[in-house]
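Enquirer: Here it is, the structure in full.
Here, each number is a calculation from the coordinates, and none is a lab measurement. This one's a predicted model, so the numbers in the text were calculated from it and none came from an experiment. Heads up, the Cβs are rebuilt from the backbone with ideal geometry, glycines too, and the neighbour counts pull from every protein chain shown.
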Amino acid sequence: MSEEKTYTTLNLGPIHPATHGIFQNVLTIDGEKIVNTEQTIGYIHRAFEKIAERRPYYQIATLTDRLNYCSAPINNIGWQMTVEKLLGIKTNKKIDYMRIILMELARITDHLICNSVIGVDSGALTGFVYVFQERERVYEIYEEVCGARLTTNMGRIGGFERDFTSTAIRKIKEFLERMPKVLREFEKLLLRNRIFMDRTMGVGPISAEKAINYGFTGPNIRAAGVDFDIRVMNPYSSYDDFQFELPLGTNGDTYDRFCVRQEEIWQSLKLIRNALDNLPEGKHFMEVPAFCLPPKEYVYSKMEALIWHFKIVMGEIEVPQGEVYHSVEGANGELGFYLISDGGRTPYRLHFRRPCFIYYQALPEMIRGGVLSDAILTMSSMNVIAGELDG
Amino acid sequence: MDSEITGILKAKFDLDIFEADNTSDMFTITVSYPVIHGVIKELKENPQLNFMFLTTLCGIHYPDRELPLGVVYHLHNFHENKRVRIKTFLPSDDPTISTVTDLFATANWMERETYDFYGIIFEGHPNLKRILNVEYLDYFPMRKEFPLEDPTREDKDDRFFGR
């Protein structure tokens, strides 16, 4: 009998409860050890880049919602800032601070989901259910600010459709009061938990060089020890007015990614508190006639306002020619918008730099040699969101 | 730093560097497509330039131009926090360009995506096949000749939609 080794092929996905979305991984395994894997993606590809070529600018915000749907406000605001950059609009501090508050809330919800799911995949369901309660409270804030919860379409090009109401501010303050307590409890459950540490330390590691080579961004690259954050490198929306720390990991393993996200939630809370305390008086939108709808009472009583309203809603606004790349620090990495305008009502070309599409390709390298249960943990700790992956 | 980049590249590739433009939001260089691998390699490995991070790679299509298909690279130097955009254009009858996967592992899926949507062939790519679309698709959907809506439809008059 020959001593040739035979491997088993295991099809993980496309529908599998442990993959948190529609991903297929065809694993070649030797016993329980992973020899190789081949990923198939694209199951929920919706051709957003193509659709965007026929849509007026303000309607593209609803496409960005559906990229990383765990932190939709960051995508919306990132897109609006891209168009503002093209139009040369500088927003005032009030809008900037409102944006920071909302983007950091979105970052918190995104990190909460990711970190609690790492808990679920390593066998601790309790934390997940517990922090979901707090995520719900953030969604209530979104609801108060823009009326929607998951796919928010929050804000407009040039600012916000309305100011924070007193209820919204009260809800943010309540959240800031409750959250540290919950977070501390959540950390007590997992952070120094022997079982959790054994399950996550050294699992799915990546070195700093490799992380850079694979185009990692966001918490994943910071967990590998590279201090790269768009909020610091290319400050947008007045992030440079605030002091915050960038948590860094050393090994780039699952535990480091967990810790980096956990600390980022604390930093985000600090940012929200500072922004809310220093929220200046002022207008919640800039005078951008091309994109800001005229006040409703004028639309109902004045002909010009009605025409203008109609023009905006039908997307008949022409945008100047130009080419911009704008990126924001999304919850899972550098979310970039590469926009080419040829002067019409729609973009000529719009490319989304979707962070998880780019770093998900490193998965085979990260899980090779590990066991199957570790592969699941690695995948959930990378925070791969199906909507963003497939675009 | 902009002039330094053009200086170093011009010294090495001379006539293949067409245009350097810093009027837009990012320093942009257009290069001819046969040298693209050399240019990216130089940008990455020259210690004076040190662009170690490939931010994006995407395709673009200008059907009316002589060289209609394009590839746009965004590179980032973390140390000096400098970004640069490299553009190159290809003929449509043979859109072949050399891969940069040997320089950046991250280019693997980006190039597959560009192939998938624009039909640009990256020579030397380890696994150049469709990534987001189905395998049996026989056209490249992001090219401009494929309109988003069915052009034979008569119930929607574009004039009324400002298109």
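Enquirer: Suppose only helical runs count, i.e. DSSP H with n ≥ 4. What mean residue ellipticity at 222 nm does that imply for chain A under -39500 (n - 2.57) per run, divided by all residues and rounded to the nearest 500 deg cm²/dmol?
Expert: Working: 17 runs with 194 residues, N = 391.
Result for chain A, helices only: -15000 deg cm²/dmol.
Enquirer: Taking every eigenvalue of the Cα gyration tensor of the stretch B:2-147, multiplying by 5 and rooting it, what semi-axes result, largest first, whole Å?
Expert: Working: eigenvalues 138, 57, 35 Å².
Value: 26, 17, 13 Å, ordered largest first.
Enquirer: If you don't mind, there's one more thing I want to ask. At what distance in angstrom do the alpha carbon centres of the stretch A:370-391 and the stretch A:155-221 lie from each other?
Expert: 17
Enquirer: First select every other residue whose beta carbon is under 11 angstrom from the beta carbon of residue A:27; then total the charges, Lys and Arg +1, Asp and Glu -1. Could you put the intermediate results ahead of the total?
Expert: On the way: positive: A:33, A:368; negative: A:30, A:32, A:38.
For residues surrounding residue A:27, the net value is -1.
Enquirer: Still on this model: Can you give the Kirkwood hydrodynamic radius of the stretch A:295-362 from its Cα pairs, in Å with one decimal?
Expert: Values: mean 1/r = 0.0679 Å⁻¹.
About 14.7 Å for the stretch A:295-362.
Enquirer: Now, a different point. On C-alpha positions alone, give me the angle between the axis of helix B:36-45 and the longest principal axis of chain B, in degrees, nearest 10.
Expert: Helix B:36-45 sits at roughly 50 degrees to that axis.
Enquirer: Using the Cα atoms of the stretch A:272-391 to build a convex hull, what is its mean projected area in square nanometres?
Expert: Computing the convex hull of the Cα atoms and averaging its projections yields 12.2 nm².
Enquirer: Starting from the amide H of residue A:244, placed 1.01 Å from N in the peptide plane, find each other amide H under 5 Å away whose residue is 5 or more places distant or on another chain.
Expert: none
Enquirer: Short version: what are the Cα gyration tensor semi-axes of the protein assembly as shown, square root of 5 times each eigenvalue, largest first, in whole Å? List each step's numbers first, then the result.
Expert: Numbers: eigenvalues 241, 221, 106 Å².
Working through the eigenvalues yields semi-axes of 35, 33, 23 Å.
Enquirer: Write out the GluC sites (Glu not before Pro) in the stretch A:224-316 meeting two conditions: DSSP loop, and at most 16 other Cβ atoms within 10 Å of their Cβ.
Expert: Details: sites: A:245, A:263, A:264, A:281, A:287, A:297, A:304, A:316; in loops: A:245, A:281, A:287, A:316.
Passing sites in the stretch A:224-316 are A:245, A:281, A:287, A:316.
Enquirer: For residue A:227 and residue A:296, compute 0.36 nm times the residue count separating them, minus their Cα-Cα distance, and round to one decimal in nm. Display every interim value, and only then the final one.
Expert: On the way: separation 69, 0.36 × 69 = 24.84 nm, distance 4.66 nm.
Roughly 20.2 nm would be gained on extension.
Enquirer: In peptide B:51-59, what is the residue-averaged number of other protein chain Cβ atoms found within 10 Å of each Cβ?
Expert: Rounded to a whole number, the mean comes out at 6.
Enquirer: May I ask you to derive the relative contact order of chain B, considering only C-alpha pairs under 8 Å and at least 6 residues apart, and to give it as an integer percent? Mind dumping the intermediate values first?
Expert: On the way: 259 pairs, mean separation 27.0, N = 163.
Worked out over chain B, it gives 17 percent.
Enquirer: Say each of residue A:278 and residue A:54 gets a label point 7 Å from the Cα, pointing the same way as Cα to Cβ; how far apart are those two points in nm?
Expert: 4.6
Enquirer: Pick from A:224, A:168, A:305: which is most flexible by mean-square fluctuation in a GNM of chain A where alpha carbon atoms under 10 Å apart are linked?
Expert: The residue that fluctuates most here is A:305.
Enquirer: Return, ordered by residue number, the residues of the stretch B:115-142 whose backbone nitrogen is under 20 Å from a label point located 7 Å along Cα→Cβ of residue A:26.
Expert: Within reach of a label on residue A:26, which here means backbone N under 20 Å from a point 7 Å along Cα→Cβ, the stretch B:115-142 contributes B:116, B:125-138.
Enquirer: Report, to the nearest 10°, how far helix B:2-13 tilts away from the longest principal axis of the Cα atoms in chain B, using its own Cα long axis and a range of 0 to 90°.
Expert: That helix lies at roughly 90 degrees to the long axis.
Enquirer: Of A:173/B:82; A:50/A:171; A:93/A:171; B:87/B:129; A:90/B:41; A:50/A:296, which ones are farther than 29 Å apart at the Cα?
Expert: A:173/B:82; A:50/A:171; A:90/B:41; A:50/A:296, as the Cα separations exceed 29 Å there.
Enquirer: Another one. Between residue B:2 and residue B:45, what is the label-to-label distance in nm when each label sits 7 Å out along the Cα-to-Cβ direction?
Expert: 2.9
Enquirer: How far, in degrees from 0 to 90, does helix B:107-118 lean away from the longest principal axis of the Cα atoms of chain B, to the nearest 10?
Expert: The two axes meet at around 30 degrees.
Enquirer: Another question, if that's okay. On a straight-distance basis, which lysines could pair with residue A:302 in a cross-link, Cα separation under 16 angstrom, same-chain partners fewer than 8 positions away excluded?
Expert: Hits, sequence-local ones excluded: A:311.
Enquirer: Using a basic spin-label model with each label point 7 Å from the Cα along Cα→Cβ, how many nm lie between residue A:44 and residue B:145?
Expert: 3.4
Enquirer: Taking the alpha-carbon centroid of each part, what is the distance from the stretch B:62-107 to the stretch A:299-341 in angstrom?
Expert: For the stretch B:62-107 versus the stretch A:299-341, the Cα centre distance is 27 Å.
Enquirer: If you don't mind, there's one more thing I want to ask. At a Förster radius of 25 Å, what calculated FRET efficiency corresponds to the Cβ-Cβ distance of residue A:93 and residue A:69, to the nearest 0.05? Don't jump to the answer; show the numbers that get you there.
Expert: Working: r = 29 Å, r/R0 = 1.17.
Plugging the Cβ-Cβ distance into 1/(1 + (r/R0)^6) gives 0.30.
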